[in-house]
1. Report ³J(HN,Hα) in whole Hz for each residue of segment 377-386, in order, from the Karplus equation J = 6.51 cos²θ - 1.76 cosθ + 1.60 where θ = phi - 60°; Gly and Pro get x.
2. Does segment 63-184 come out rounded, prolate or oblate by the C-alpha gyration tensor, with a ≥ b ≥ c the root eigenvalues, rounded set by a/c under 1.5 and, if not, prolate when a/b is larger than b/c and oblate if not?
3. Probe radius 1.4 Å, ligands and nucleic acids ignored: give me the carbon and sulfur share of the accessible area of segment 280-374 as a rounded percent.
4. For Met352, Met183, write out the residues from largest to smallest accessible area, computed with a 1.4 angstrom probe and no ligands counted.
5. If each DSSP helix of 4+ residues adds -39,500 (n - 2.57) and the sum is divided by the residues in the chain, what number results at 222 nm, nearest 500 deg cm²/dmol?
6. Under a 1.4 Å probe, what is the accessible area of segment 129-171 per residue, stated in Å²?
7. Just the Cα atoms of the chain: what Rg and Dmax do they give in Å?
8. When ranked by the protection proxy of mean other Cβ atoms within 10 Å per residue, highest first, what sequence do the peptides 354-366, 320-332 form?
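The values are calculated or read from the model by the stated rules, or taken from the named source; none is laboratory data. These figures come from a predicted structure and were not determined experimentally. Using ideal geometry, Cβ is built from the backbone for each residue, glycine included, and neighbour counts are taken over all protein chains shown. Each accessible area value is taken on the protein alone, full model and side chains, heavy atoms only, with ligands, DNA and RNA left out. Shrake-Rupley method; radii C 1.70, N 1.55, O 1.52, S 1.80 Å.
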Amino acid sequence: MTATLITNIGELTTNVGADGDPCGTLRDAAVLIDGGRIVWLGEAGSITGAHTVDAAGRALLPGFVDSHTHLVFGGDRAGEFEARMAGTPYSAGGIRSTVAATRAAGDDELRRRLAGFIDEMRRQGTTTVEIKTGYGLTVDDEERLARLAAEVTDEVTFLGAHVIPPEYAGDRAGYVDLVCGPMLERCAPFARWVDVFCEDGAFTAAEARRVLEAGVARGLEPRVHGNQLAAGPGVAVAVGLGAASVDHCTYLSDTDIALLAASDTVATLLPGVEFSTRQPYPDARRLVDAGVTVALASDCNPGSSFTSSMPLMIALAVREMGLTVAEAVWAATAGGARALRRADIGGIAPGMRADLALLDAPSRTHLAYRPGVPLVAAVWKDGRQVV
């Protein structure tokens with residue numbers, strides 16, 4: 001593969017820390033890509049022997065890292081969304097309707113829809129995506145969701161503990177046994193992560209710990225859905241087990257924030273959920289000021305956040321959650337990488353993967369300044385231009 005030099009970059013977001021600038025901004029810069037990696041960056045100049053791309057003064061940033069999605073599913077829940085907008089409260093129970101549609105869908109249908117979502121994300125600048133199971137809730141269906149997700153990403157999460165399926169409504173303990181036993185064994189070969197929805201209407205703290213500990217014993221790394229619908233034990237469970245992230249974090253106590261600040265667990269915020277459910281937005285400013293590492297992700301799913309747009313997450317975080325533009329962009333790139341415990345993505349520095357997004361704008365501020373406008377002009381994944 002011929003080396004590629006992207007030159008005449010008006011604003012380069014490196015995410016390599018500089019005092020007072022979490023984005024490590026360089027101006028009038030150039031980036032050299034070779035072998036799928038960043039090999040050099042600095043002031044704009046010419047390097048012989050490389051294919052040259054003229055950024056024409058536009059902004060270049062790391063590709064977005066979407067560390068929380070549910071992309072393998074059948075059907076949709078547009079009717080539920082319409083009802084919510086008319087005043088019906090959101091609850092976790094709607095997941096079961098997607099479970100029924102997903103079980104009824106064939107592999108080819110699910111694979112085709114998944115490919116469409118990945119293409120949609122690429123065109124919006126997302127270069128790394130995590131995908132959860134959780135809409136099958138039988139051994140066979142969870143395995144096929146994990147297998148299909150593994151066809152498009154290395155970041156697959158086993159979420160058999162999403163909700164209790166209808167057939168186990170009277171036997172919670174039996175379902176937890178299934179998740180921790182045969183279901184985990186079948187899904188683990190395709191997954192890197194184990195997750196649990198620790199919330200009223202889903203799984204208790206004791207059940208969550210059991211599921212996560214079983215996953216860890218099988219070689220998976222833990223993450224948690226928590227504190228979405230109300231204050232609860234999700235953060236404490238996540239931090240106590242050394243989880244990479246606890247996701248949602250809509251309702252947090254001072255104790256929760258202190259636990260997060262003293263740990264390596266990332267608080268992954270999902271503002272698309274609050275946009276789509278009319279819940280209060282998390283106070284990201286409070287978290288950042290307390291020293292908590294914050295990530296932004298889309299939570300793309302058919303029920304509570306049917307959007308794949310990381311630029312929208314940035315705009316919402318700036319408008320509704322108290323982050324600066326620089327903090328929001330960092331959270332959507334480097335923050336997502338930390339939530340996945342990845343050091344090779346989420347930034348632009350020698351040795352890192354050449355996952356990049358070129359904006360049709362002079363600065364990253366336009367991601368929040370011009371919400372809803374398709375600003376991504378080009379995308380590179382592992383050094384190959386894919387958009």
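1. So the J values, rounded to whole Hz, are 8, 7, 9, 10, 10, 6, x, 9, 6, 10.
2. Details: a/c = 1.82, a/b = 1.19, b/c = 1.53.
Oblate, since a/c reaches 1.5 and b/c is not below a/b.
3. On the way: 1680 of 3200 Å².
C and S atoms contribute 53 percent here.
4. Values: Met352 30, Met183 0 Å².
Solvent-accessible surface, decreasing: Met352, Met183.
5. On the way: 15 runs with 124 residues, N = 387.
Theoretical 222 nm ellipticity from helices: -8500 deg cm²/dmol.
6. Details: 1210 Å² over 43 residues.
With all protein chains present, segment 129-171 gives 28 Å² per residue.
7. Over the chain's Cα set, Rg and Dmax evaluate to 20.5, 69 Å.
8. Details: 354-366: 21.9, 320-332: 24.3.
For the peptides 354-366, 320-332, the packing ranking is 320-332, 354-366.
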